[in-house]
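**Student:** Got a structure for you, questions after.
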Amino acid sequence: MSEIEMIAIVIDGRSIQVKKDSTILQAALDNNIFIPALCNSELVEPYAACRLCIVEVDDGRKTKLVTSCNYPVRKPITVLTSSDKVLRNRTITLEMMLSRWPNVQVIKDLAKYVRIEKPRYEHPAVDLNPNACILCGLCMRICEQGIWENIINFTNRGAVRAVRMPYDSDQPHCIGCGACAEICPTGAIIMVDDPNQPHDADMVRRAGMRITEEMIKFDEEQCDMRGVGTAHLVEIMDAYDLLPVMNYQYGKHEDTSKISSDVLRTFFTKGKPDGCWLGCAMACAKAIENFELTTGPYKGEKVLVDGPEYETLGGSSNMGIFDPRFVIEYNFYCDTYGLDTISFSTGLSFVMECYEAGILDKEKTGGLEIPFGAKDAALELLHQIGRGEGFGLIAGKGIRYMKKYFVDNFGADPDFVFDIGMEAKGMEYSEYVTKESLAQQGGYGIALKGAQHDEAWLIFMDMVNKQIPTFEDKAEALHYFPMWRTWFGLCGLCKLPWNDVEPADNAETDEPAKVPGHVQGYCEVFEGVTGKPQTMDSLIRMSEKVYNFQRVFNLKMGFGKREHDVIPYRSAGPVTPREYESRQERYDAQLSEEARIDPSGMSTEEKVAATRKYRESQYEQLLDAVYKRRGWTNDGVPTIEKLQDLGVDFPDVIELVKKHGG
Ligand code: SF4
Ligand code: SF4
Ligand code: FES
């Protein structure tokens, strides 16, 4: 990492150390030295419009007046913030401002600070509005630089210069973030469009603006959601051995760099907020324009592709395909056929492994040779699924259907296909390797709707940061996070702004994984909309009621018990000797240190069996702990006491759970 160069400067007789290239104004602010400034904000580039921040600089050769907000410190200098020259200049500027906008509070305050009681001039374009626009340009700069829009700008010149939307009309591209109104120092911009009539729109906006500020300040160094969206996860998952490769057998691959975010960045053409959520400046959705398709009904046409996101890229590595053009094409056709890229790619990964294991062959697939990496065959099968033809009629029905079909019709070993068919409750796994995170195995297996990580993503807390070592810790996480994430669904909110950008001080909080600063923000959003104050606990309780009710509903539909929280073994450990050997050191160490089994002298097959026994028992113990924490029976059924406590003890609910031992 390159060293930060510091430069010694003197401001008003005080010696201070300043990072090279910071502005004088920033250096002064950081050291509690006040310099009047009206058009400056750390959220936007300096513009030097108001000229109030003027200071006198002595660089050792000459002295000069400069605007401190855009003067970078590159060598030792001496700065005077209130020399006679500075004060004379600043006073004239403020007198002119006060004469034009005599009732604007920030101008009145600064005039008072420099002891102006009454300006000596009368301005021909005096504006008596206390919320007059003072032409600082902050609003249009935050719209362009912070939000990546360009909705408002200056129009006209001289006395009639003003900030306007084009043609003075509503702009459909304005995402309603309110950043322009928030940054305006005079209150000249008022947000008027409150379609849902919230109880306190300002409270909602303030909470939103805090996240917008973090996006502007930290996104590039944190997740770069605005640059590449969730594609940044590809290289992170590969580095931690978590990227699914060849139907989750492995967690990394030497060709991952070919589908990394840096490669995708060269394809992405859209750099604007997507407007999927009113007011959100995250702009995480990416798009590729003019992409020429090579297959299917639109072959040869140039199309716009919405994506790809991480899951689509991870799905590709899962099929053993490391070609960005393939990813973009299968992304497009999944969208076009109304298919989910996760279900398609996880399903195809299963097909490919079955092909390699000899369960499938060309005859059974209708002529398709489809081992891992077969991108042409993968696209052909995608089109067959889209058309409802050939082997696509089987593959399109998902892994649960294929497992049974392959056993019944192709003589597949049921144990083997159950082990490698990555679905739970009929839903295909999303694109993370969970073998080394027991908590995440539960995150997928216990999730009410199936193997989707949107209930809980605990891999880093568990495997990387080791924050939840005991069964009780994991159970607590598998209580809090599913309830918390359920809350987003209940309120119709997107989860990404919760933890894909974090407050600067998040790491210093007691529970950084919960991002408490943002949870507080959501309490304010809820109160702002409904008028009902909330706490972190009350939000969780809201979800707990619904979550338990959903579990009862699963029960009513014939699911919702321990036997339904089962997971395919590949989710928990290595199915084959080859998989074991790919992480032999780790598995051997676990056998001896945790399972207390000496692996020396054991064959790989024996070690696979011993690891399986150990890991399956760990998963069962995890279920015990989670059910207990959730107030469920050991069979995973909500107890009557729990339902009473939550106030969802309706007669038919009680009758149903009683039947199942609740
Ligand atoms: S609300 Fe947001 S997008 Fe709209 S003009 Fe203001 S800053 Fe720009
Ligand atoms: S509307 Fe507000 S932020 Fe925009 S230029 Fe005028 S005073 Fe500055
Ligand atoms: S703050 Fe420097 S010119 Fe306005």
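**Student:** Cα convex hull of segment 578-645: mean projected area in nm², to one decimal?
**Tutor:** The Cα convex hull of segment 578-645, projected and averaged over all directions, gives 5.7 nm².
**Student:** Relative contact order for segment 438-659: what percent, with Cα pairs under 8 Å and sequence separation of 6 or more?
**Tutor:** Relative CO of segment 438-659 lands at 23 percent.
**Student:** Another one. Along Cα→Cβ, 7 Å out, is where each label goes; now give me the distance between the ones at residue 202 and residue 537 in nm to one decimal.
**Tutor:** 3.1
**Student:** Let me have the 222 nm mean residue ellipticity of the chain computed from DSSP H runs of 4+ only, each contributing -39500 (n - 2.57), with the sum over all residues rounded to the nearest 500.
**Tutor:** -12500 deg cm²/dmol
**Student:** Can you pull out the trypsin sites (Lys or Arg not before Pro) in segment 276-361 whose DSSP state is coil and whose Cβ has at most 13 other Cβ atoms within 10 Å?
**Tutor:** Passing sites in segment 276-361 are 299.
**Student:** Another question, then. Please list, in order along segment 556-561, the HN-Hα scalar couplings obtained from phi with the Karplus expression 6.51 cos²θ - 1.76 cosθ + 1.60 (θ = phi - 60°), rounded to whole Hz, x for Gly and Pro.
**Tutor:** 4, 8, x, 10, x, 10
**Student:** Taking all pairs of distinct Cα atoms, average 1/r, flip it, and tell me the Kirkwood hydrodynamic radius of segment 538-662 in Å to one decimal place.
**Tutor:** 16.8
**Student:** Restricting attention to segment 257-321, which GluC sites (Glu not before Pro) occupy a DSSP loop and are surrounded by at most 13 other Cβ atoms within 10 Å?
**Tutor:** Here the GluC sites (Glu not before Pro) that fit, given the DSSP loop and packing criteria, are 301.
**Student:** Angle between the Cα long axis of helix 324-337 and the longest principal axis of the chain, 0 to 90 degrees, nearest 10?
**Tutor:** 80
**Student:** Report the extension gain between residue 6 and residue 265 in nm, rounded to one decimal, defined as 0.36 nm multiplied by the number of residues separating them, less their alpha carbon distance.
**Tutor:** Between residue 6 and residue 265, full extension yields 89.9 nm more.
**Student:** At a Förster radius of 30 Å, what calculated FRET efficiency corresponds to the Cβ-Cβ distance of residue 114 and residue 169, to the nearest 0.05?
**Tutor:** 0.15
**Student:** Calculate how large, on average over all directions, the projected area of the Cα convex hull of segment 1-90 is; give the answer in nm² to one decimal.
**Tutor:** Here the figure is 6.1 nm², rounded to one decimal.
**Student:** What number of lysine-lysine pairs in segment 6-82 show an alpha-carbon separation below 16 angstrom, given a sequence spacing of 8 or more or placement on distinct chains?
**Tutor:** Lysine pairs, 8 or more places apart or on different chains, close enough: 4.
**Student:** Around residue 524, under 11 Å between beta carbons, what's the net of Lys plus Arg minus Asp minus Glu among the other residues?
**Tutor:** Neighbourhood net charge equals 0.
**Student:** Read phi for every residue in segment 259-273 and hand back ³J(HN,Hα) as whole Hz from Karplus 6.51 cos²θ - 1.76 cosθ + 1.60, θ = phi - 60°, with x for Gly and Pro.
**Tutor:** Once θ is set to phi - 60°, the couplings for segment 259-273 become 10, 6, 4, 5, 5, 5, 4, 6, 8, 4, 10, 9, x, 9, x Hz.
**Student:** Mind checking segment 540-633 for GluC sites (Glu not before Pro) that DSSP puts in a loop (not H, G, I, E or B) and that have at most 16 other Cβ atoms within 10 Å?
**Tutor:** 594
**Student:** Just to compare against my own numbers: the Cα pair-distance distribution for the chain, 20 Å bins, whole % per bin, please.
**Tutor:** Final binned percentages: 15, 40, 29, 13, 1.
**Student:** For residue 257, what is the net charge nearby, where nearby means another residue's Cβ is under 10 Å from its Cβ and Lys, Arg count +1, Asp, Glu -1?
**Tutor:** Neighbourhood net charge equals -4.
**Student:** Same structure, new question: Any chance you could give the angle, 0 to 90 degrees and rounded to 10, that helix 375-387 forms with the longest Cα principal axis of the chain?
**Tutor:** That helix lies at roughly 90 degrees to the long axis.
**Student:** Let me ask something else. How much length is gained on full extension from residue 603 to residue 302, taking 0.36 nm per residue of separation minus their Cα-Cα distance?
**Tutor:** Computed gain between residue 603 and residue 302 is 102.9 nm.
**Student:** Continuing with the same structure: Against the longest alpha carbon principal axis of the chain, how many degrees, from 0 to 90 and to the nearest 10, is the axis of helix 399-410 turned?
**Tutor:** It works out to around 20 degrees.
**Student:** Right, here's the next one. Give me the one-decimal nm value for the distance between modelled label points at residue 556 and residue 336, 7 Å along each residue's Cα-to-Cβ direction.
**Tutor:** 4.1
**Student:** Treating segment 225-428 as a set of equal point scatterers at the Cα positions, no solvent, please give the Debye-formula log₁₀ I(q)/I(0) at q = 0.17 Å⁻¹.
**Tutor:** Evaluating at q = 0.17 Å⁻¹ gives log10 I(q)/I(0) of -1.13.
**Student:** Dividing the Cα radius of gyration by the Kirkwood radius, what Rg/Rh value follows for segment 144-222?
**Tutor:** 0.99
**Student:** Compute the normalised compactness of segment 438-659: alpha-carbon radius of gyration over 2.2 N^0.38 Å, N being the residue count.
**Tutor:** 1.15
Any read-out appearing in this document is the output of simple, stated calculations on the displayed coordinates, not a laboratory observation. Being a predicted model, the structure only gives us computed values, none of them experimental. Please note: Cβ atoms are built from the backbone with ideal geometry, for glycine as well, and neighbour counts cover all protein chains shown.
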